[in-house]
Amino acid sequence: MPELPEVETLRRGLSGALEGRRIVEAELLKPKIYEGLPGYSLADIVGATITAARRRAKYLILDLSNGLSLVIHLSLAGQIVVICPNGKKVAGGHPVPSYGSELPHRQTSVILRFDDGSILYLTDIRQFAHLWLAPTTEVMSIVPHERLGVEILSPEFSEAELRERLRQRPKAKLKPLLLDQSILAGLGNIYVDESLWEAGIHPLRTAGSLTDQETRRLYHAIRSVIDLALRRGVAQIVNGRAVVGATLPRIHGREASLCPRCGQPIEKMRVVGRGTYICRSCQKPP
């Protein structure tokens, strides 16, 4: 599933490529994806200009000049590719089909065409992605703001904030707790594994078992991992395996490879049904 770094990287690309561009055609190829509020259809966006590309957690929000907004959640396997007339490509989300594949793909759900010749393709091989259209003033009726925790890229995400949130659920195991979007908004399976490994903390430790020093390590690990993903490129995983030579992930999707810190084999386990990767040497079991 595309996580916060993937969605934020995509948002930045869409902002540069599409802000100020006018939509001249909108095609809905897979009606299942569309969940517009009653009284609205994709025809309502034709002629409008994209004024801003923003994000809340894993939700992409494209604000339009006519007072409407498109809200997109890529879910498990959603992908957006924008092809510009000069050949430049902005792509993000799930890496299948490959960003270089011919488009539209047979699982392409939406096509938007713009006044400069740019084309946006929203594709989802699993068909779980969601697209909403609503007045900009009502976007937060779609994005479950009250159920989303602190944004890990925001100034509000501090060591003290993380410590307080962990204290609220002292008996909860760390991995499912960090995956809970009401605790931290945007952190998903890959980057939880990467953060816990960097902090040297086992995913089955309970929140209440962490010392102040371990909480500090975890906070800085989360910040460091997300910053690395945004600076150097998001995690590259294809068919459940990390791409050889990719900067990220360092342990997720690398079962039987050697830990880049201590050289011991990386192991795979399951935590609340999620594939979880650890170094048993660096992350001592509880």
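What follows is calculated from the coordinates using simple rules that are stated; it is not laboratory data. What you see is a predicted model; the values in this text were computed from it and never measured. We place every Cβ from the backbone using ideal geometry, glycine too, and count neighbours over all the protein chains shown.
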Rg and Dmax [Cα atoms of the chain; Å; Rg one decimal, Dmax integer]: 19.9, 59
Extended-chain gain in nm, criterion 0.36 nm per residue less alpha-carbon gap, Asn86 and Ser15: 23.9 nm
Cα centre as origin, Lys/Arg/Asp/Glu Cβ charges: the chain dipole, Debye: 1100
Dipole magnitude of the range 150-278, debye to nearest 20 (Cβ charges: Lys/Arg +1, Asp/Glu -1, about Cα centre): 360
Exposed-site-free run, longest, the chain (rule: trypsin sites (Lys or Arg not before Pro); DSSP loop; at most 13 other C-beta within 10 Å): 172-286
Radius, Kirkwood style, for the range 4-147 when every pair of distinct Cα atoms is counted (Å): 14.9
Given charges at beta-carbon only (K, R positive; D, E negative), |dipole| of the range 11-138 in Debye: 480
The range 4-147, relative contact order in percent, only Cα pairs under 8 angstrom and at least six apart counted: 30
Extension gain, Asn66 back to Val46 (0.36 nm per residue minus Cα-Cα distance, nm): 6.2 nm
Computed label-point distance, nm, for sites Glu138 and Val96 using a 7 Å Cα→Cβ extension: 3.7
Residue-by-residue Karplus 3J(HN,Hα) for the range 166-172, coefficients 6.51, -1.76, 1.60, Hz, glycine and proline x: 5, 5, 6, 10, x, 8, 6
Exposed GluC sites (Glu not before Pro) absent: longest stretch of the chain, with sites in DSSP loops and at most 10 other Cβ within 10 Å deemed exposed: 157-286
Principal-axis tilt of helix 212-232 within the chain, Cα atoms, nearest 10 degrees: 40
Listed residue pairs exceeding 25 Å between alpha carbons, taken from Lys89/Lys268; Lys58/Lys171; Lys58/Lys89; Lys30/Lys89: Lys89/Lys268; Lys58/Lys171
Distant-in-sequence amide H partners of Val234 (H built 1.01 Å from N, under 5 Å): none
Mean separation of Cα contacts under 8 Å, 6 or more apart, over the residue count of the range 33-108: relative contact order %: 16
Cα-based convex hull volume of the range 150-278 per residue, rounded to whole Å³: 102
The chain: relative contact order as a whole-number percent, Cα under 8 Å and 6+ apart: 16
Stretch gain in nm, segment Arg232-Arg167, where the contour uses 0.36 nm per residue and the Cα spacing is subtracted: 20.1 nm
Estimated FRET transfer efficiency when R0 is 30 angstrom, pair Val272-Asn239 (beta carbons, to 0.05): 0.85
